[in-house]
Amino acid sequence: MVSTATAEAPQSGKGLSPAAEPAVNHIEAHGLNKTFGSFKALEDIDFAIRNQEFVSVLGPSGCGKSTLLRIVAGLIPYESGSATIKGEMVRAPRPDVGVVFQTNNMLPWLTVRRNVELGARIRNMPADARDAAVDKILDVLSLTKFADAHPHQLSGGMRQRASIGQALVLDPQILLMDEPFGALDALTRDKLNVELLRIWQESRKTVMLITHSIAEAVFLSDRVLVMADRPGKIVEEVTIDLPRPRNAATTRAMPKFGEYVAYLGKVMGVAS
Amino acid sequence: MPGVSSRLAAYSQVVLFFGAFLLFWEYGVRYFEVKSYILPPISAIAVAVWEARSEIFENSMYTLAEVLIGFGAAVVVGVMLGMVVYVSPFAQRTIYPLVTALQTTPKSALAPLMIVWFGYGFISKVAMAFLFAFFPIVVATLGGFAGTAKNLEEHFRALNAGPWRTFTTLRLPSALPSFIDGCRVAMPLAMIGAIIGELVGSERGLGNLIMLGTASTRTDLVFGCIIVITLISLALYALIEFAAKSVWWRGIQV
Ligand SMILES: Nc1ncnc2c1ncn2[C@@H]1O[C@H](COP(=O)(O)OP(=O)(O)O)[C@@H](O)[C@H]1O
Ligand SMILES: [Mg+2]
């Protein structure tokens, strides 16, 4: 089964807050191709992520997941096809899109607080609004006690949380995350999954999460896109029909959860 | 506290070692009847330095000024050139190979030329200090900027950070540890440059005093000058080390 989401053209909001949300699809790609020299990294990528939808992209290492995220984030150009955010062609990074990268992006010489407020400073947020936003995010991420510590004094999990805080401080409507928990141990990863779920359930951002953890993708997502490599393309799309709000204990214990994990495992085995 | 007694032990070892060294020098030259114009006893050197203290002090200040001005100029010009080469591919293709080639020229061979160009006075020694200190600083600065973490640069691009913001908030702090390393190398070199300049041709300075001392077989004074030069170099190095403390994030990867 090779299916890609049928892309809807941007249309004026129906049922959503009418003024601010003209497009139903926050992120869209149509026939997207990307090559590095003669190497075809992405071929004919088609997908759409709706407003406030949580979508994960699963795929083997090197299949072009990070490349896809960079294109959507406006960080690298692409050859043909289109990538749009809220119906607008992506040409450069946008203020309404927050990015969390694979490696954490802490500046070693700044305190955690300074690191978290970096984006707010760069985007010239007024000082009072910035301080309030940073206080809130440090609190949400349980980093208040470590506000004045430097990144090297934190554990890997805390650093990664602070990295997410760096993106959240600007309260972006769209959050792109590239294997944010990839370098963490399983236990810490599970904990941060729960935290991320809680944050998302409270703030309802549109999320594109890149991951190679099937359980993580199933636990968090409304939909999972599966990629294959050489060349990188989307080979499968699975809607995760687990009830929300989800939580750590009950959701992971549902039989359906196990079925999704098993199914995606099979697909991934075939795909990679 | 285990630290205090072990540190005390370490200090006393140093003191004991140098004490023994000085005693050996003092009594060794007497015992082996070394001629004092070859190697005077350390006490004779101390007396000579004390007697010539105002002369040594004045000449020290003169040499110190040459070193500091030459070093300062090397920092300013070196950092600017390092930056230009970093941002401009044109400069990278043209100026940088030239700098690399010039770096291998023995700078001491340029001393006579500096004297022809700038005379026997202050300027030619500043030029020598500059020449010695300049290259390590350019190379270290460039290396520092080029070593800026790629993921952090991308992070700044994702935030639409402008070039000035990226420079001050990311590139500058990234380059500082390497720059300080360059200064560590360059500072003693600036002193060497100034002294070579003074030895080749000068009217003042510690190098000049060494030449005068040699001409009148005042080996005690020559040794005194060498010791003073070493102490000044050490003090300057300590100054850089002190500054380096504020760049504590050297080598920290997070
Ligand atoms: N800047 C680049 N230049 C050349 N090849 C690249 C570049 N970036 C990525 N690639 C290649 O593209 C492929 C996909 O990379 P990436 O998107 O990082 O994969 P993933 O994130 O899925 O592991 C890999 O084979 C990688 O070597
Ligand atoms: Mg990747």
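Please give the FRET efficiency for A:Glu259 paired with A:Arg121, using the beta carbon to beta carbon distance and R0 = 45 Å, rounded to the nearest 0.05.
For A:Glu259 and A:Arg121, the calculated efficiency is 0.45.
In percent, what relative contact order does segment B:144-254 have, based on Cα pairs under 8 Å that are 6 or more apart in sequence? It would help to have the intermediate numbers written out before the result.
Working: 68 pairs, mean separation 28.8, N = 111.
Once divided by the residue count of segment B:144-254, the mean separation gives 26 percent.
Which one, B:Leu39, B:Ile56, B:Pro163, projects farthest toward the positive side of the charge dipole computed for chain B from Cβ point charges (K/R +1, D/E -1)?
It is B:Pro163, whose Cα lies furthest towards the positive end.
Pull up the cross-link candidates among the lysines for B:Lys125, meaning alpha carbon to alpha carbon under 21 Å and not fewer than 8 places away within one chain.
Straight-distance partners of B:Lys125: B:Lys107.
Please name whichever of A:Ala41, A:Pro60, A:Tyr78 sits farthest to the positive end of the charge dipole of segment A:35-90, dipole taken about the Cα centre and charges placed at Cβ: Lys and Arg +1, Asp and Glu -1.
A:Pro60
For chain A, what ratio Rg/Rh do Cα atoms give with a Kirkwood hydrodynamic radius?
Using Cα coordinates only, the ratio equals 0.95.
State the Cα centre-to-centre distance between segment B:234-254 and segment B:141-156 in whole Å.
20
Find how many whole Å separate the alpha carbon centroid of segment B:2-24 from the alpha carbon centroid of segment A:236-256.
Cα centres, segment A:236-256 to segment B:2-24: 69 Å.
Among A:Ala262, A:Ala228, A:Ala167, which one shows the biggest mean-square fluctuation in a GNM of chain A, springs joining Cα atoms closer than 10 Å?
Sorting by GNM fluctuation, first place goes to A:Ala262.
Taking trypsin sites (Lys or Arg not before Pro) that fall in a DSSP loop and have at most 15 other Cβ atoms within 10 Å as cut points, what is the longest piece of chain B between them? Before the final figure, lay out each step's value.
On the way: sites that count: B:Lys35, B:Arg250.
Formally, the longest exposed-site-free interval is B:36-249.
Please list, or write none, the lysines whose alpha carbon is within less than 30 Å of the alpha carbon of A:Lys34, excluding same-chain residues fewer than 8 places away.
Counting by Cα, and skipping residues close in sequence, A:Lys34 has these lysines nearby: A:Lys65, A:Lys86, A:Lys205, A:Lys233, A:Lys266, B:Lys150.
Can you compute the radius of gyration and Dmax for chain B, using only the Cα atoms, both in Å?
Using the Cα atoms of chain B, the pair Rg, Dmax is 22.8, 76 Å.
When all alpha-carbon pairs of segment B:89-213 are counted, what percent fall beyond 17 Å? Present the calculation step by step, with values, prior to reporting the outcome.
Details: 5065 of 7750 pairs.
Considering segment B:89-213, 65 percent of its Cα-Cα pairs are separated by more than 17 Å.
Suppose each label sits 7 Å from its Cα in the direction of the beta carbon; what would the B:Arg7-B:Glu51 distance come out to in nanometres?
Computed distance between label sites B:Arg7 and B:Glu51 equals 4.2 nm.
When the Kirkwood radius is taken over all Cα pairs of segment A:124-272, what Stokes-Einstein diffusion coefficient follows at 20 °C and 1.002 mPa s, in µm²/s?
127
Looking at chain B, which longest stretch skips every one of the GluC sites (Glu not before Pro) that is in a DSSP loop with at most 14 other Cβ atoms within 10 Å, leaving the sites themselves out?
Looking at chain B, B:34-202 is the longest stretch - no exposed GluC sites (Glu not before Pro) with at most 14 other Cβ atoms within 10 Å.
For chain A, modelled as a Gaussian network with Cα springs under 10 Å, which listed residue fluctuates most, A:Lys34, A:Lys136, A:Lys233?
A:Lys136
Whole Å is fine, so just give me how far the alpha carbon centre of segment A:107-131 lies from that of segment B:82-97.
Here the answer is 33 Å between Cα centres.
Across the Cα atoms of segment B:157-218, what radius of gyration and what greatest pairwise Cα-Cα distance (Dmax) are found, in Å?
Reported Rg and Dmax, both Å: 21.8, 70.
Please state the charge dipole magnitude for segment B:45-244, taken about the Cα centre, from unit charges on C-beta atoms (+1 on K and R, -1 on D and E), reported in debye and rounded to the nearest 20.
So the magnitude is around 640 debye.
Taking a temperature of 10 °C and a viscosity of 1.306 mPa s, what whole-number D in µm²/s does Stokes-Einstein yield for the protein assembly as shown with Rh from Kirkwood over alpha carbon pairs?
57
If r is the Cβ-Cβ distance from B:Phe90 to A:Phe39 and R0 is 51 Å, what FRET efficiency results, to the nearest 0.05? Present the calculation step by step, with values, prior to reporting the outcome.
On the way: r = 30 Å, r/R0 = 0.58.
Efficiency, from the Cβ-Cβ distance: 0.95.
What FRET efficiency comes out for the pair B:Gln253/B:Leu23, r = Cβ-Cβ distance, R0 = 51 Å, nearest 0.05?
It comes out at approximately 0.60.
For segment A:199-272, what does the convex hull of the Cα positions come to per residue, in cubic angstrom? Don't jump to the answer; show the numbers that get you there.
Details: hull volume 6.4 nm³, N = 74.
Output value, Cα hull per residue: 87 Å³.
Under 10 Å, Cα contacts only: if you run a Gaussian network model on chain B, which one of B:Val99, B:Val47, B:Val15 comes out with the highest mean-square fluctuation?
In this elastic network of chain B, the residue with the biggest mean-square fluctuation among B:Val99, B:Val47, B:Val15 is B:Val15.
Any chance you could get the radius of gyration and Dmax over the Cα atoms of segment A:100-202, in Å?
12.7, 39
At what distance in nm do the modelled label points of A:Asp135 and B:Phe118 sit from each other, each positioned 7 Å from its Cα along Cα→Cβ?
5.7
Can you tell me, using C-alpha contacts under 8 Å and at least 6 residues apart, the relative contact order of segment B:45-244 as a whole percent?
Normalised by residue count, the contact order of segment B:45-244 is 31 percent.
Evaluate peptide A:106-116: per residue, the Cβ atoms of other protein chains within 10 Å of its Cβ; return the mean as an integer.
Per residue, the average neighbour count from other chains is 4.
Read-outs throughout are calculated quantities, based only on the coordinates presented, and are distinct from any laboratory measurement. This is a predicted model, so every value here is computed, not measured. Here Cβ is always computed from backbone atoms with ideal geometry, including for glycine, and neighbour counts include all displayed protein chains.
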